[in-house]
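Beneath this line is the structure, given in C-alpha cells, with notes to follow.
The values are calculated or read from the model by the stated rules, or taken from the named source; none is laboratory data. Note that this is a predicted model, so its numbers are computed, not measured. Cβ placement follows ideal geometry from the backbone for every residue including glycine, while neighbour counts extend to all protein chains displayed.
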Amino acid sequence: MDINKHIGNQLKLRRLFVGLSQEKLAERLGVTFQQVQKYEKGINKISAARLFAISKVLNTSISHFFEGIEPKCSVGPECSLLEDGSAYDEDILSKKETRDLLKAYYFIENSQTRKHVLDLIRAIPET
C-alpha cells in the first residue's frame, strides 16, 4: 500500500471514530466532500498544511496518520515507505463493529488497562 492510501485510510478511520460525515469534515476544512473522498482513497495527496488542519478538526496528532508505516531505510532516494507487515481489509474501517470496538477501547481511561486489553486481544488464537 502506498503512503497516500495509508494516510487516507487513517483519515477515514479517525473521521468515523469521531462521528463526522465526509460532508461535515469538508465543511470544516473549506473543501468539497468529493475532495475528502479523494483524500480517503489516496487519490489526492494531502499537503502538510491540510494534514495539520485535518488533525486539528479530528482532534488527533499528525503522527496518527503515519502509524503503521516504517521506513525501509533511513536515507536516500531508494527509500520507500512500507506498512509494518500487518494487513487489514480497508472495508473493515467502515464496519460499525470496528467503530464500536475502537470507541470502547478508547473510553478505557487507564492506559495500562488499555494495554492489557490489547494484549488480551492479541493473545486470542485464530479459530
Count of residues meeting criterion [in contact with a Phe, Trp or Tyr (Cβ under 9 Å, 6 or more places away or on another chain), β-branched (V, I, T) and part of a helix (DSSP H, G or I)] in segment 1-33: 2
Residue list for segment 34-59, filter: among the aliphatic types (A, V, I, L, M), closer than 19 Å to D2 by Cα and part of a helix (DSSP H, G or I): V36, A48, L51
Residues (under 21 Å from G8 (Cβ atoms), at pLDDT below 80 and among the charged types (D, E, K, R)) located in segment 61-119: E70, K72, E83, D84, D89, E90, D91, K95, K96, R99
Residues (hydrophobic (A, V, I, L, M, F, W, C), touching an Asp or Glu at 6+ places or on another chain (Cβ under 8 Å) and over 16 Å from R99 (Cα atoms)) located in segment 1-35: M1, F33
